[in-house]
Amino acid sequence: RAGELNSGLSRHDSLLLAAAADMAAFRLWRLPEGGTGELAERASRNALAATREYPGDAEAWYTVGVVRDLFYDDLRTVTVAQVADAFDRAISLDSAFAQASRPAFRYAMDEGRVETAREYARAYLALNPPEQASGIPLLLDRILDPNSDPAELDSLLDAAHPEALF
């Protein structure tokens, strides 16, 4: 509905809202005649337009990453490295943009960039996130640290939320 009423906003906000509306439509299975491919292309087009017009905007790059991640199967020309790059750019533009950290360390791990994943985890933890939000990066950092205390690691694993273990 927000996408339909998208008027009077700044160009930046309009582009990001349009991309978010297409992602919401996908998640709610409110697909247009053209199916998911049409949503994917439109969301990607709007998110990429935001990065062209606002190349220094971390939120725009994060949105590109989310669109690429969500519509990966529909955006046939997008690679895993390009998805990761969008999240990497968001973080490099704003190191306090915590929202981009979680997918960034997931993609860094998928690509075998273990030290990069640990750097993202440590940077995220340095932002002092709420305890619940810190579980996954803390666990990741400790698992990947060859000098981790086994007792601490066991304790973290025992207390970990199932999502963190997944």
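Filtering segment 44-54 to residues that are touching a residue at least 12 places away in the same chain (Cβ under 8 Å) and assigned to a helix (DSSP H, G or I) leaves SER44, ASN46, ALA47, LEU48, ALA49, ALA50, THR51, GLU53.
Would a scan of segment 126-134 turn up a residue that is under 30 Å from THR79 (Cα atoms), of a type in the set (Ser, Thr, Tyr), at pLDDT below 85 and out of contact with any Ser or Thr (no Cβ under 9 Å at 6 or more places or on another chain)? Within segment 126-134, one or more residues are under 30 Å from THR79 (Cα atoms), of a type in the set (Ser, Thr, Tyr), at pLDDT below 85 and out of contact with any Ser or Thr (no Cβ under 9 Å at 6 or more places or on another chain). Inspect segment 78-87 for any residue being of a type in the set (Val, Ile, Thr), open to solvent by 60 Å² or more (accessible area, probe 1.4 Å), within 18 Å of LEU39 (Cα to Cα) and not in a helix (DSSP H, G or I) and give the result as yes or no. No.
Can you list the helices (runs of 4 or more DSSP H) found entirely within segment 91-159 that contain at least 2 residues being open to solvent by 90 Å² or more (accessible area, probe 1.4 Å) and under 26 Å from VAL67 (Cα atoms)?
On the way: elements: 101-110, 114-126, 131-144, 150-159.
Answer list for segment 91-159: 101-110, 114-126.
Every residue, every condition in (1) open to solvent by 50 Å² or more (accessible area, probe 1.4 Å); (2) assigned to a helix (DSSP H, G or I); (3) modelled with pLDDT under 95, yes or no:
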| residue | (1), (2), (3) |
| --- | --- |
| ALA18 | no, yes, yes |
| PRO32 | no, no, yes |
| ARG42 | yes, yes, yes |
| GLY56 | yes, no, no |
| ARG68 | no, yes, yes |
| LEU75 | no, no, yes |
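The values are calculated or read from the model by the stated rules, or taken from the named source; none is laboratory data. Since the model is a prediction, treat every value here as computed from it, not as a measurement. All Cβ positions, glycine included, derive from the backbone under ideal geometry; neighbour counts span all protein chains shown. Just the protein is used for accessible areas: all its heavy atoms, side chains included, with ligands, DNA and RNA removed. Shrake-Rupley method; radii C 1.70, N 1.55, O 1.52, S 1.80 Å.
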